[in-house]
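Take a look at the structure set out below.
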Amino acid sequence: MCFRQFGLLLSVIIVASIELVYAQSHADVKRLYTDLFTDYRKEIIPTADQSKPLVVGVTFHIASFNSFNEVDETMSLTAVVDMNWTDPALMWDPTLYGNTNFTTINPKDLWLPQIYLTNTVDPMNPIGHDSKAYPTIGYTGKVFYSHGGILKAKCPTDISKFPFDSQTCTLELMTWGFVQSQLLLSSNFDKAQLGFFDAHSDWNLLEYSTHVVSVSFGYSMLTVKLTFKREPLYFTVMIILPTLLFSLLNPLVFVLPVESGERVSLSMTILLSYAIFLTLVSASIPATSNPMCVLLIVMIAIILISGVIVIGSIMNAKYFYLENDKHIGMVMKYFTTLWMKK
């Protein structure tokens, strides 16, 4: 029994000693903060050798795809940009500060790279300028900083295959004011991360690649290529199927016998119905002319054919009830004679 009690007491002492060894107090963190930032200058790029560029790793996270405007050629999405770099002035020995391996600090006390979306349609501000994110520092000098927000970018569109179209947009991220001799961007992954992504009901994300390129004036730029495919079911049911139905109804006008007297009324009814249909669905079709949607061209052709059929039905009824050819006219006689010869 004594051995059991002694063993239990020894275990408690060992666990307590381990907790004491690895515990970090408020005083330790406060002393660490004081020692790190007493002579720290956030205005200077944190490199030990100022002749070499600072390498900043970037990870692009897509949180959600918000909207795509074909007319304005803009897209909106919510994204987070993770950045990491090594600051040699922020290294410490964890054993001297209660085994503090990481600490979180106020961003106003630290040098932070400002990254911009260069093809934005909003005022040119750093990403995350309207939010306050706290960076984390490791004892090796590694700094981790995350910031994000709603990004609205210019995106050239191609709606010629609407509603079966795919759109490709490129986000251009760059650190204004720091050329490659001072700062280099490096993509941590070859694709954007989708760990927090919420899918959109009308668009499917197909491609989300990232890579770093060098641009004019010696800047390092991170490009994020996004390809979205539209869900065509709604437009197929509401636009394409009724258009096909109207295109099949047009030639059926000539199936009716002329004696019924319903050809003109039926053709006029189809024409007016399709005109009203175009008015209702015009808001759903992107209103752009470069390039023009093929579906819109087909719809215009169908309504023109409907108009020609109305004219043909009226002319057909007129000449059908003529008792002789005195009032046919020279043009109609010419085409009739030519047709009979063939």
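What the table below lists for this structure:
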read-out	value
Looking only at segment 95-131, and only at residues there that are among the aromatic types (Phe, Trp, Tyr) and more than 21 Å from the chain's Cα centre (by Cα), the one that is farthest from GLY177 (Cα to Cα)	TYR97
Selection count, segment 56-94, where residues are surrounded by 16 or more Cβ atoms within 10 Å (Cβ to Cβ), charged (D, E, K, R) and either within 19 Å of the chain's Cα centre (by Cα) or modelled with pLDDT of 95 or more (or both)	3
In segment 27-55, the residues that are more than 39 Å from the chain's Cα centre (by Cα) and within 20 Å of PRO107 (Cβ to Cβ)	VAL29, LYS30, LEU32, TYR33, THR34, ASP35, LEU36, PHE37, THR38, ASP39, TYR40
Scope segment 126-157; condition open to solvent by 30 Å² or more (accessible area, probe 1.4 Å) and part of a strand (DSSP E or B); matching residues	THR136, LYS142, PHE144, SER146, ILE150, LYS152, LYS154
Selected residue (criterion: farthest from ILE300 (Cα to Cα)) from residues of segment 238-287 that are aliphatic (A, V, I, L, M), open to solvent by 30 Å² or more (accessible area, probe 1.4 Å) and not in a helix (DSSP H, G or I)	LEU256
From SER181, SER166, SER186, SER160, residue being polar (S, T, N, Q) and open to solvent by 60 Å² or more (accessible area, probe 1.4 Å)	SER181
Boolean, LYS161 is in a loop (DSSP other than H, G, I, E, B) and either among the aliphatic types (A, V, I, L, M) or closer than 22 Å to ASP72 by Cβ (or both)	yes
Subset of segment 92-111 (residues that are touching a residue at least 40 places away in the same chain (Cβ under 8 Å) and part of a loop (DSSP other than H, G, I, E, B))	TRP92, ASP93, GLY98, ASN99, THR100, ILE105, LEU110, TRP111
Residue in segment 218-229 that is in contact with a helix residue (DSSP H, G or I) (Cβ under 9 Å, 6 or more places away or on another chain), closer than 25 Å to ASN66 by Cα and surrounded by fewer than 16 Cβ atoms within 10 Å (Cβ to Cβ) present	no
Segment 95-125: number of residues that are within 14 Å of VAL56 (Cβ to Cβ) and open to solvent by less than 70 Å² (accessible area, probe 1.4 Å)	6
Pairs, first charged (D, E, K, R) in segment 63-78, second in a strand (DSSP E or B) and at pLDDT below 95, C-beta under 9 Å, six or more apart	GLU70/GLN167; ASP72/LYS154; GLU73/LYS154
Selection from segment 181-209 of residues that are of a type outside the set (Ser, Thr, Tyr) and in contact with an Asp or Glu (Cβ under 8 Å, 6 or more places away or on another chain)	ASN188, ASP202, TRP203, ASN204
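The values are calculated or read from the model by the stated rules, or taken from the named source; none is laboratory data. These numbers were taken from a predicted model, which means no experiment stands behind them. Cβ sites come from the backbone with ideal geometry, for glycine too, and all protein chains shown count toward neighbours. The accessibility values were calculated without ligands, DNA or RNA, using every heavy atom of the protein model including side chains. Shrake-Rupley method; radii C 1.70, N 1.55, O 1.52, S 1.80 Å.
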